[in-house]
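A short write-up of the structure that comes next.
The values are calculated or read from the model by the stated rules, or taken from the named source; none is laboratory data. Predicted model, so just to flag it, every value in this text is computed and none were measured. Every residue, glycine as well, gets a Cβ built from its backbone with ideal geometry; the counts of neighbours run over all protein chains shown.
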Amino acid sequence: MTSLSFTATGQIPWPKGGNKIGYSGHKHQRGEKELTIVDNMGNIIGPVTVRPVNEHDTTLLPEILKKVVTTSKQLGLDLTDSYLTLDAGFDGQENKDLIRQNFLLPVIRPNIRNNKNPEKIRFLFDEFSSVQHIYRERHRIEHCFAWADTYRKLVIRYEKLHVIHLGFRYLAYSMINLQWFIGKQ
């Protein structure tokens, strides 16, 4: 069974002006955020979605799921009943329903921030315990983004045009996937 990880890399600082740049008041930084799909081998398989940093991740979930389903159909991949691992920021019934509508199984760590009922918290973590072993594989996407950070052009965005920076991102991810393929030979 295929397992997919989906995460935001956080912010990519942007020292100058340009398009698709936002301001995060929480971190006091301008930049953009990226959402990417990675398989359980650490390869980037999903289309990259990049947005200004002031947009919340959950608003980007429908777009990235649509892209992943379309791409998987074009490649002939059957993602039915595959796990989609998300961080606690995506915890919510709407997101889980959206993932299930796309025939994927959500693996989302419960976010107890807005819940003070101990019984409800216990129920959420009991439900999560059945897929916790899958959630532990989330380190693969962090490993993938650590590789991406070795490419200096991606760490800080100096290009004014979004498409140029996105092209560098695709090139770096192709190199990461190529490293895995060559290492397997």
Practice problem: Specify which of the listed residues (ILE112, ILE121, ILE156) is among the β-branched types (Val, Ile, Thr) and under 30 Å from ILE45 (Cα atoms). | Solution: ILE156
Quiz item: Residues in region 118-148 that are of a type in the set (A, V, I, L, M) and loosely packed, with under 13 Cβ neighbours inside 10 Å: how many?
Solution: 1
Self-check item: Some residue of region 58-68 being under 22 Å from TYR170 (Cα atoms), modelled with pLDDT of 85 or more and more than 13 Å from the chain's Cα centre (by Cα)
Solution: yes
Quiz item: In region 109-140, what residues are more than 13 Å from TYR83 (Cβ to Cβ), in a helix (DSSP H, G or I) and either touching a residue at least 12 places away in the same chain (Cβ under 8 Å) or over 21 Å from the mean Cα position of the chain (by Cα) (or both)?
Solution: PRO118, GLU119, LYS120, ILE121, ARG122, PHE123, LEU124, PHE125, ASP126, GLU127, SER129
Quiz item: Which of (1) more than 19 Å from the chain's Cα centre (by Cα); (2) surrounded by 13 or more Cβ atoms within 10 Å (Cβ to Cβ); (3) not aromatic (Phe, Trp, Tyr) is the odd one out, the single condition ILE176 does not satisfy?
Solution: (1)
Self-check item: Scan of region 141-176 for residues that are among the hydrophobic types (A, V, I, L, M, F, W, C), at pLDDT below 80 and touching an Asp or Glu at 6+ places or on another chain (Cβ under 8 Å), ordered by number
Solution: VAL155
Exercise. Output the residues belonging to region 57-81 that are farther than 15 Å from GLN101 by Cβ and part of a loop (DSSP other than H, G, I, E, B).
Key: GLY76, LEU77, ASP78
Exercise. Among residues belonging to region 19-47 that are of a type in the set (Val, Ile, Thr) and at pLDDT 75 or above, point out the one that is surrounded by the fewest Cβ atoms within 10 Å (Cβ to Cβ).
Key: ILE45
Self-check item: Selected residue [surrounded by 15 or more Cβ atoms within 10 Å (Cβ to Cβ) and farther than 27 Å from GLY183 by Cβ] from LEU79, LEU104, LEU84
Solution: LEU104
Exercise. Could you identify the single residue in ILE121, ILE44 that is of a type in the set (A, V, I, L, M) and farther than 25 Å from VAL155 by Cα?
Key: ILE121
